[in-house]
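Heads up: the structure comes next, in structure tokens.
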Amino acid sequence: MTALIPAPCDLVVADLGGTTLRVGRIGAGTSEVRDVQRVPTDGLGRYGALAPQELQDRVVEQLGREIAARLACPGQPPAQAVAVSFAGPMTSDGVVLAGPTLWGGPAAPLPIADVLAKHLGLPVVAANDVTAAAWRYASAESEPFCLTTVSSGIGNKVFRHGEIVIDEHGYGGEIGHWLVDPAQDAAPCECGGRGHLGAIASGRGALFAVRAAAAADTVAFARSALAEPSGGVPDGITNEAFAAAARAGDRFARESLRRSLQPLASAVSLLFTAIGVRRYLFVGGFALALGDTFLTLLGDELVRIGCFGLDERATRAMLALGEDDDDHCLIGIGQLAADRLGTPGALEATA
């Protein structure tokens, strides 16, 4: 939804992810997010027994409630618009087509911008979460780049010539649902399919894989740095312990992680070969928790697979981590809203 509003203006910004809902404010003429509140998302991760449509209704109700509460905070200047990033494919006019990490299977198309605008009585800008995150880096990156989030799931967006490379119906940038393992018993994806990239190389997918590896090789697991924090129980392994063990150089953890990252390296090689983008930024809780270990192991696999025409140095140089915080979507959706609603100066102020 677009609207003419006074500029500059205060924004309430929200990032609805599969695990966490974040809501904050961006002051007029700035790109700094302040007073961010984080709550668990009332979706698939918490209420997985509910039907997809019930989960969608629950998630939308929570989103509207949390934004309304932030708008009503005393002592704050009145916000004149709302901007929301959403974990799912979305059309150019703000209709969410699916929410694999939020409500799983098929539910009704959701015109989230219109729904929230009617509920809140303010202009609302809505975009896919990875689209929003890419806008955070748009002014700092002089060349085309691909931003990939590796968190509860995997999503990507290519930013080229000032625009996100997707069509008006929201197709594109959902590489997390690329089929990489056609086996009938491949890892399940939240969308209802199996063997998708996001089911294998995401934080959830990698955790599923390391637990399976621990159950299959109890001797190696018992000798690893994961045994003690998990109480010796494979299902007791957490993403936090897994990331810490991998960073510390634990062989069992790193080999499991390497296997999970192989299809992600194939995806980078495919994108490079297909469209020639040579800059890949990675954000998301799992990738950032692993830090340089993520880049090292992903780079190892990318070099092994190969990028046509590039040597090892040039191949590794394509990979980088985004800023080490979880505000990518909040800052980015604020930048996108400023651009769409006509607020001057905000995009140029992005770090």
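Some values worked out for this structure:
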{"quantity": "In the range 274-316, the residues that are over 15 Å from Leu261 (Cα atoms) and of a type in the set (Phe, Trp, Tyr)", "calculated": "Phe308"}
{"quantity": "Among the candidates Thr19, Thr91, residue that is more than 18 Å from Thr131 (Cβ to Cβ), hydroxyl-bearing (Ser, Thr, Tyr) and either crowded, with 18+ Cβ neighbours inside 10 Å or in contact (Cβ under 8 Å) with a residue 24 or more places away in the chain (or both)", "calculated": "Thr19"}
{"quantity": "Selection from the range 211-268 of residues that are in contact with a Ser or Thr (Cβ under 6 Å, 6 or more places away or on another chain) and either touching a residue at least 24 places away in the same chain (Cβ under 8 Å) or surrounded by fewer than 14 Cβ atoms within 10 Å (Cβ to Cβ) (or both)", "calculated": "Ala213, Ile237, Ala246, Arg247, Asp250, Phe252"}
{"quantity": "Count - residues of the range 301-345 that are in contact (Cβ under 8 Å) with a residue 60 or more places away in the chain, small (Gly, Ala, Ser) and not in a loop (DSSP other than H, G, I, E, B)", "calculated": "4"}
{"quantity": "Residues located in the range 11-41, provided they are part of a loop (DSSP other than H, G, I, E, B) and more than 20 Å from Gly203 (Cβ to Cβ)", "calculated": "Gly27, Ala28, Gly29, Thr30, Ser31, Glu32"}
{"quantity": "Residue check for Pro74: assigned to a loop (DSSP other than H, G, I, E, B), more than 26 Å from Ala51 (Cα to Cα) and not aliphatic (A, V, I, L, M)", "calculated": "yes"}
{"quantity": "The listed residue being in a strand (DSSP E or B), in contact with a strand residue (DSSP E or B) (Cβ under 7 Å, 6 or more places away or on another chain) and surrounded by 15 or more Cβ atoms within 10 Å (Cβ to Cβ), out of Gly155, Gly176", "calculated": "Gly155"}
{"quantity": "One residue from Gly172, Gly195 being among the small types (Gly, Ala, Ser) and more than 20 Å from Leu257 (Cα to Cα)", "calculated": "Gly172"}
{"quantity": "Flag if Pro106 is touching a residue at least 24 places away in the same chain (Cβ under 8 Å), in contact with a Cys (Cβ under 6 Å, 6 or more places away or on another chain) and under 23 Å from Arg58 (Cβ atoms)", "calculated": "no"}
{"quantity": "Tally, over the range 158-169, of residues that are crowded, with 21+ Cβ neighbours inside 10 Å and more than 16 Å from the chain's Cα centre (by Cα)", "calculated": "0"}
{"quantity": "Which numbered condition Val150 fails, given (1) closer than 20 Å to Asp326 by Cβ; (2) surrounded by fewer than 24 Cβ atoms within 10 Å (Cβ to Cβ)", "calculated": "(2)"}
{"quantity": "Residues of the range 110-152 that turn out to be in a loop (DSSP other than H, G, I, E, B) and closer than 22 Å to Cys189 by Cβ, as a count", "calculated": "2"}
{"quantity": "Where Ala107 falls short, out of the listed (1) in a loop (DSSP other than H, G, I, E, B); (2) closer than 23 Å to Tyr47 by Cβ; (3) out of contact with any helix residue (DSSP H, G or I) (no Cβ under 6 Å at 6 or more places or on another chain)", "calculated": "(3)"}
{"quantity": "Single residue of the range 43-58 satisfying the filter (modelled with pLDDT of 95 or more and under 20 Å from the mean Cα position of the chain (by Cα)) that is surrounded by the most Cβ atoms within 10 Å (Cβ to Cβ)", "calculated": "Leu55"}
{"quantity": "Unmet requirement for Glu61, which otherwise passes all of (1) modelled with pLDDT of 90 or more; (2) among the acidic types (Asp, Glu); (3) in contact with a Ser or Thr (Cβ under 8 Å, 6 or more places away or on another chain)", "calculated": "(3)"}
{"quantity": "Residue under evaluation Glu61, criteria (1) under 18 Å from the mean Cα position of the chain (by Cα); (2) farther than 20 Å from Gly153 by Cα; (3) of a type in the set (D, E, K, R), criterion not met", "calculated": "(1)"}
{"quantity": "Candidates Ala209, Ala199, Ala220, Ala214, filtered to the one that is within 19 Å of the chain's Cα centre (by Cα) and assigned to a helix (DSSP H, G or I)", "calculated": "Ala199"}
{"quantity": "Only listed residue being more than 24 Å from Ile164 (Cβ to Cβ) and of a type outside the set (A, V, I, L, M, F, W, C), chosen from Asp93, Asp57", "calculated": "Asp57"}
{"quantity": "Whichever residue in the range 179-198 is surrounded by fewer than 19 Cβ atoms within 10 Å (Cβ to Cβ), touching a Leu at 6+ places or on another chain (Cβ under 9 Å) and of a type in the set (Gly, Ala, Ser) and, among such residues, is nearest to Gly88 (Cα to Cα)", "calculated": "Gly193"}
{"quantity": "Qualifying positions in the range 113-144 - closer than 24 Å to Val158 by Cα and either of a type in the set (D, E, K, R) or surrounded by fewer than 24 Cβ atoms within 10 Å (Cβ to Cβ) (or both)", "calculated": "Asp129, Arg136, Tyr137, Ala138, Ser139, Ala140, Glu141, Ser142, Glu143, Pro144"}
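The values are calculated or read from the model by the stated rules, or taken from the named source; none is laboratory data. Bear in mind that the values here come from a model prediction, so they are computed numbers and not experimental data. Neighbour counts run over all protein chains shown; Cβ positions are idealised from the backbone, glycine included.
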